[in-house]
Each structure stands twice: as C-alpha cells, then as structure tokens.
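Bear in mind these aren't lab numbers, they're just calculated from the coordinates by the rules spelled out. None of the values given here were measured: they were computed from a predicted structure. A quick note on method: Cβ atoms are made from the backbone with ideal geometry, for glycine too, and the neighbour counts reach across all protein chains shown.
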Amino acid sequence: MVLLQITINCAMSADGKIALKTRRQTPISNEEDKKRVHMLRNSSDAILVGVETVISDNPKLTVKEKYVKTPRHPIRIVLDSNGRTPSDSLVFDGKAETIIVTNEGCSKTFPNAKTIRCGRDDVDIPNLIPILERIGIKRLLVEGGSTIIWSFLRNRLADEVNIFIGSIIIGGERAPTPAGGDGASETLEMVPLRLKGAEVLGSGVLVRYEVVK
Ligand SMILES: NC(=O)c1ccc[n+]([C@@H]2O[C@H](COP(=O)([O-])OP(=O)(O)OC[C@H]3O[C@@H](n4cnc5c(N)ncnc54)[C@H](OP(=O)(O)O)[C@@H]3O)[C@@H](O)[C@H]2O)c1
C-alpha cells in the first residue's frame, strides 16, 4: 500500500513570522515562490488548512491558471472541529471539491462541501490519515496555519517541510510562527529535521527539510 506523503509548506519573514501580530495575512511570498506553490498544489491530491486560516485569510486554495496551464483542482480540506467555517468562505465556491473535517459531536453541514467526522474534541489527525488514504489521497499539502502545522509535526505525520523565507521583518512577540500550538516543553519533544536543500528564489530563499521520524 502506498502511504500518504505529507508536505508542509509555508512562507515566513526573515524573523520567523507567518502573519502580522493581529494574525492577519500579509505578503511574504514573491512571484517565483507563488509559482512554486501553485505547482506544488497541482501535484498534490489535497490541500489542508485549519479553520483559523479560513476565517482570517479566506483563501481559495485552488491552482491559478496564471501559474499552471491545466490545473488539477486538488481537494480542499479544512480541519474545523466545531463547524465554524463561515458559509460564505471562498472554499465553498464550487471551483474544487471541499471537505470540512469536524469532530464526531458536530452535525453541521456546509454548502458545496462534504463532511468527515473524526475525533472527540479536536480533529483526530492520526485517525484522519487512513480515512484520507481510503478516499484516494496520496499526496497531501498542509498549508497552515501555525497550530495545524505543529499538530502534524508533533505527531511526526509530515514527511517534508518547505519554508520560503521572504526578505521582510514582521516583528512582534505575538505574530504567529510556522509551528505554534503548545510547542516543545522538553528537548525530547522537539522535531528533528534533516536539511534537503536550499535555493534562492528571486528576492527570498526556499529551504526544504525532511522530517526525521
Ligand atoms: N504564511 C503562511 O504560509 C501562512 C499560511 C497559512 C496561514 N497563515 C497564517 O496562520 C494564521 C492562522 O493560524 P492559526 O494557528 O491561528 O490557526 P490554524 O492552524 O489555521 O487553525 C487552527 C484551528 O484548527 C482547528 N483544529 C481542528 N483540529 C485540530 C488539530 N488536531 N490540531 C490543531 N488545530 C485543529 C482548531 O480550531 P477548532 O478548535 O475550532 O476546531 C484550531 O484552533 C493566520 O494568521 C494566517 O494568516 C500563514
């Protein structure tokens, strides 16, 4: 059986922030990186984000024809335990399939979207993985935000981490970083990475890591 390949991708500032201190989205990426991300999306079967990213950024999570001539329209997946995704979110625009993953206690349904119920409190990500494999997802792209990325890393579920470092400083103690959540409280809880490569992409740098499991 082919196991689900999971790649985390995010863009951070030179001081390690992925958004403003208000958690509002801000431009960090450049055209070269956007093209890379859209090609990465196109080579994935699904793109996953947390509900806070949908609420704060309202992303489409589609592949733009500007960057990829024949987009494949990967499935959009939102981890949303209690069904808080606003019904006017762009992920419900019908341009690609959308799945909202809630916990088992949530009965909310959404326009233009399927639902999966998984977990008692937060979405149970380790249990979600085999469900995604059964519906044919082989390559999953996790695009954030901070809390979701930590959940994947803490559970050692991601295979690769791609971080684009934009030439900008955001500053502030409260601005989110690539991996938020509870974080490691002991050295043993840190997530070891192996450097796979680094390259200059226009005005920024792309760094790629393998997650050591
Ligand atoms: N620069 C970038 O590349 C990039 C990309 C994406 C996002 N962002 C930024 O990231 C920020 C949003 O990140 P965020 O950390 O606030 O939120 P997030 O990671 O987008 O979403 C977190 C939410 O997901 C839900 N969730 C359900 N199951 C979960 C699980 N097992 N583990 C973790 N969360 C689970 C929880 O809400 P419930 O309890 O309600 O389910 C949780 O609060 C925004 O500022 C956005 O702009 C930046």
For labels at Arg139 and Met39 in the simple 7 Å Cα→Cβ model, what's the distance in nm?
1.1 nm
Selected from Gly171, Ile135, Ile116, residue furthest toward positive end of dipole (the chain; charges at beta carbon):
Ile135
Under 5 Å between amide hydrogens, which residues at least 5 positions from Ile75 or on another chain qualify, with H placed 1.01 Å from N in the peptide plane?
Ala46, Ile47
Ranked from highest to lowest mean number of other Cβ atoms within 10 Å per residue, what is the order of the peptides 152-158, 4-10, 103-109?
4-10, 152-158, 103-109
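List the pairs from Lys64/Lys213; Lys108/Lys196; Lys69/Lys213; Lys69/Lys108; Lys35/Lys108; Lys66/Lys138 whose alpha-carbon separation is above 32 Å, in the order I gave them.
Working: Lys64/Lys213 34 Å; Lys108/Lys196 42 Å; Lys69/Lys213 36 Å; Lys69/Lys108 36 Å; Lys35/Lys108 35 Å; Lys66/Lys138 25 Å.
In this structure, Lys64/Lys213; Lys108/Lys196; Lys69/Lys213; Lys69/Lys108; Lys35/Lys108 lie more than 32 Å apart at Cα.
Kindly provide the helix-only [θ] at 222 nm of the chain, computed as the sum of -39,500 (n - 2.57) over DSSP H runs of four or more divided by all residues, to the nearest 500 deg cm²/dmol?
-5000 deg cm²/dmol
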Report the convex hull volume per residue for the stretch 89-151, counting only C-alpha atoms, in Å³.
107 Å³
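Based only on Cα atoms, what mean projected area does the convex hull of the stretch 5-211 have, in nm²?
The number I arrive at for the stretch 5-211 is 11.4 nm².
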Tell me which aspartates and glutamates have Cα within less than 14 Å of Lys95's Cα, excluding those fewer than 8 residues away on the same chain?
Glu65
